[in-house]
Each structure stands twice: as C-alpha cells, then as structure tokens.
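The values are calculated or read from the model by the stated rules, or taken from the named source; none is laboratory data. Note that the structure is predicted; figures quoted are calculated from it, not measured. Every residue, glycine as well, gets a Cβ built from its backbone with ideal geometry; the counts of neighbours run over all protein chains shown. Accessible surface areas use protein heavy atoms only, side chains included; no ligands, DNA or RNA. Shrake-Rupley method; radii C 1.70, N 1.55, O 1.52, S 1.80 Å.
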Amino acid sequence: MLRGKTDSKINWYALYTFPRAEKKVKDRLDAMEKETYLPLHRSPRVWSDRVKIIERPLIPSYIFVHCREAELQLLLREVYGVIRIVYYCGKPAVIRPQEIDAIRQFLELAAEHPLCEGEEVEILAGSFKHISGKIQEIRKKYLVLYIEPLGCTISVDLTKVARLDRLK
C-alpha cells in the first residue's frame, strides 16, 4: 500500500547523461511531454579567431526531470543519451523543489551581475590574449583596462573579456 502511494507522487529526479548531450536529452524528454530543468549559464567560448558567448550546462552531464519514480526506468531505457538515474541510499535521489528554485534564483542573480569598475578580467582574444587587467572605466561597447605588469591602459571590446572568477 505504501509503495503505491510513493509511486504516484511526482518529484524532481536527476539523470546522468552522456557528456555534452544534456540539451539533446532535454529535447527528447520535452518531446515526451516530461517537465525538465536544465540549468544553463552564459559563458565565453574562445576560438582562435573569435570569442562567442554560449549557453553551457551549469552542472555538466546532469538534467533534472519532474516525474513519478515508476517512470524513471522507462526514461532510462527509452531516452537515448541518459546513462543512469542518480541514486542516494539505494533509491532514486529526490531533489526537493526548494533546491531547484535555489538553482533558478542563483542563475538569475548571476545573469544580472554586470562587470564593475575595479574588477579583474582576462582578455580572451587579440594581441593581449590571456593577460588580465583591472577595469578602470566601462563604456557602451568597450572597457578601459589597466594592465599592471605593462603599466599601461588599453581599450578592449566587452565581448572579448571575462571575469577571472568565471573562468575557473
């Protein structure tokens, strides 16, 4: 009797996916009309010729699904890209709704936090690539940075810098 009662309750669960397959797994689960949550954050990606801001999973290889415990085994078998269900103490780990909300709030706050004067940033492209400097001034499309080792001030495109703490 108790077993049937817990199976009918809908909870958040964590699924472990193939590396870099989180977005595709989310699309497949959405197609099955399952409620999912894939926390994404914006991060600079550096190529040899350009820097682009992309959305990356906050927790690589994990996605959260809102369903009944009985449906988890079906999802594991049916959804390509899901490797396993995350377990805790021999049972599928239940993620409390407050924890999902806390992740959402964290990402909202992080997205709203702009660069500030005095903050340390790293240059991601150009002749000063991988050199860090302190923000002296923030303009519409560029920053004025003070490069301490060189003792100079330079202007850098906003899209070509990232906070040092963000790169870790």
Notebook entry, point to check: Within the range 127-161, how many residues turn out to be in contact (Cβ under 8 Å) with a residue 40 or more places away in the chain and of a type in the set (S, T, Y)?
Noted result: 1
Check: When the range 17-37 is examined, which residues are found to be over 14 Å from the mean Cα position of the chain (by Cα), exposed (fewer than 13 other Cβ atoms within 10 Å of the Cβ) and not charged (D, E, K, R)?
Finding: A31
Next item on the list: Hey, can you tell me all the residues within the range 54-74 that are open to solvent by 60 Å² or more (accessible area, probe 1.4 Å), in contact (Cβ under 8 Å) with a residue 24 or more places away in the chain and more than 17 Å from R20 (Cα to Cα)?
Entry: R68, A70
Next item on the list: With the condition kept exactly as written, say whether any residue in the range 84-96 is in contact (Cβ under 8 Å) with a residue 60 or more places away in the chain, open to solvent by 60 Å² or more (accessible area, probe 1.4 Å) and among the basic types (K, R).
Entry: yes
Check: Which ones in the range 132-141 are open to solvent by 50 Å² or more (accessible area, probe 1.4 Å), under 16 Å from R163 (Cβ atoms) and either touching a strand residue (DSSP E or B) at 6+ places or on another chain (Cβ under 6 Å) or not β-branched (V, I, T) (or both)?
Finding: K134, Q136
Check: Counting just the residues of the range 155-168 that are open to solvent by 30 Å² or more (accessible area, probe 1.4 Å) and in a strand (DSSP E or B), which one comes out nearest to L58 (Cα to Cα)?
Finding: D157
Next item on the list: Identify all residues within the range 28-62 that are of a type in the set (G, A, S) and within 13 Å of T159 (Cβ to Cβ); write none if there are none.
Entry: S43
Margin query: I need a count of the residues in the range 142-154 that are touching a strand residue (DSSP E or B) at 6+ places or on another chain (Cβ under 6 Å) and either at pLDDT 90 or above or open to solvent by less than 60 Å² (accessible area, probe 1.4 Å) (or both).
Written below: 7
Check: Are there any pairs, at least 6 apart or on different chains, whose C-beta atoms fall under 8 Å, with the first in the range 31-43 and of a type in the set (S, T, N, Q) and the second open to solvent by less than 50 Å² (accessible area, probe 1.4 Å), and if so, which?
Finding: T36/L29; T36/I63; T36/F64; T36/V65; S43/I54; S43/A162
